[in-house]
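Read through the structure below, which is laid out as structure tokens, and then see the notes.
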Amino acid sequence: MTARSMTFDWSQTRIHCPLDLAAPGKRAGHLLLPWSDNTNPLGGHPIPVMVATGAPGPTLLLTAGVHGDEFEGPVAILDLWRDIDPATLRGRVIALPALNAPAVRASCRTSPLDGANLNRAFPGDPDGGPTAQIAHLVEAVLLPGCDAAVDLHSGGKASWFHPCALPARAPDGAIDTANMALARAFGAPAIWLLGSGNDARSLNGAATRRGVPMIAAELGGGGAIDPALTALAVRGLWRIMAALGMTDAAPAPENPDAGVWETADPALRITAPFDGLVEPLARAGDRVGAGQPVARWLSLAEPGRAPVTLRAPRDALVLATGQRGLVAQGEIACQLASAVEMPGGV
Ligand SMILES: [Zn+2]
């Protein structure tokens, strides 16, 4: 892999970076996001940033905290960075463990500064609100100087995801082999292939536009932290660094035969038929057959009403389940995924 430029064009953004991201060694600090409001009229909102630079080699961008109530990724990145030794590193790791820092500090999916969802804000706007400025920073400043990117997510407070890596298909529908190689190296028990119709306003969409190999990952959720999943993410990031030629030290491969799944069929999204209480009847990671119950609905508005049982429309993997007991009509109860046959066994 050919390493891209070591420099970034900070003139394109209002966000200030006080760190030298090109100098050898390790350093950590904060970007400053300018946004003037009553809480911070003239200063900047800090966004944690860490860099480790070794011998010449690729630049890997690691992000977490795109959604502010997903904490497994931030823990994994903080743990990984501490153990990186620039003396044995080939290339550079740039890590933003709480990219949407205002949302992370508020433990909210969306930013409390403007109510926006960062993963629906790309390509962003350097003159826009705080969330648009962060998206623009990633797409226009950071990604052009990176050779690969990994964006760690989880289900947040609303849901729980079977651990999986998310490579995207290229816009022409072809499977990007570089993205799939990152997903295989990460070693989660499942691969969720994002279709060509994946939301272009996401960080995956930004990486596709910039031609940067990238995966996202889903790592549990519930608004908590599962140490087994943060450890899986750390091992996966080391394996990705090894696959990129950045380190010789990598854990053994995991889940080399992980199934590939997709969610293109809207029928695989099981949503609430009415406001009420949802009782899940399947767990994330379960395999369910056609007709198998996946959730049971009970009404408080009509307390005598018989529960409604929702069933899988076909054989599927339970990719995610809702974590809220009381949900409104239309909210998700269960996301199923169907198997993808991969030509050539990639
Ligand atoms: Zn997320």
query = Would you call residue 222 within 18 Å of the chain's Cα centre (by Cα), open to solvent by 20 Å² or more (accessible area, probe 1.4 Å) and on the phi > 0 side of the Ramachandran plot?
reply = yes
task = List the strands (runs of 3 or more DSSP E) that sit entirely inside the range 1-110 and contain at least 1 residues that are touching a residue at least 24 places away in the same chain (Cβ under 8 Å), of a type in the set (D, E, K, R) and away from the ligand (no atom under 16 Å from the Cβ).
result = 25-34, 90-96
task = Mind listing just one residue for me: the one in the range 303-318 that is assigned to a strand (DSSP E or B) and of a type outside the set (Ser, Thr, Tyr) and, of those, farthest from the chain's Cα centre (by Cα)?
result = 308
query = Which pairs have Cβ atoms under 7 Å, sit 6 or more apart or on different chains, and link a residue in the range 137-158 that is outside the structural domain of residue 205 (by TED's automatic domain parsing) and closer than 12 Å to residue 64 by Cα to one that is in a loop (DSSP other than H, G, I, E, B) and open to solvent by less than 10 Å² (accessible area, probe 1.4 Å)?
reply = none
inquiry  = Which numbered condition in (1) open to solvent by 30 Å² or more (accessible area, probe 1.4 Å); (2) more than 26 Å from the chain's Cα centre (by Cα) is the only one that residue 297 fails?
reply    = (1)
Candidates 158, 174 - the one that is at pLDDT below 95 and within 14 Å of the ligand (Cβ to nearest atom) = 158
key: Residue that is least open to solvent (accessible area, probe 1.4 Å) [pool: residues in the range 111-127 that are assigned to a loop (DSSP other than H, G, I, E, B) and of a type in the set (S, T, N, Q)]   = 111
ask   = If you go through the range 230-251 one residue at a time, do you hit one that is surrounded by fewer than 18 Cβ atoms within 10 Å (Cβ to Cβ), acidic (Asp, Glu) and either over 17 Å from the mean Cα position of the chain (by Cα) or not assigned by TED's automatic domain parsing to the domain that holds residue 334 (or both)?
value = yes
ask   = Which of (1) free of Cβ contacts under 8 Å to residues at least 40 places away in the same chain; (2) over 26 Å from residue 9 (Cα atoms); (3) more than 16 Å from the ligand (Cβ to nearest atom) does residue 198 not meet, given it meets every other one?
value = (3)
message = Kindly evaluate residue 228 against the criterion of being modelled with pLDDT of 95 or more and part of a loop (DSSP other than H, G, I, E, B).
response = no
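The values are calculated or read from the model by the stated rules, or taken from the named source; none is laboratory data. Small disclaimer: the values here were computed from a predicted structure and weren't measured. Backbone-built Cβ (ideal geometry, glycine too); neighbour counts: all protein chains shown. Just the protein is used for accessible areas: all its heavy atoms, side chains included, with ligands, DNA and RNA removed. Shrake-Rupley method; radii C 1.70, N 1.55, O 1.52, S 1.80 Å.
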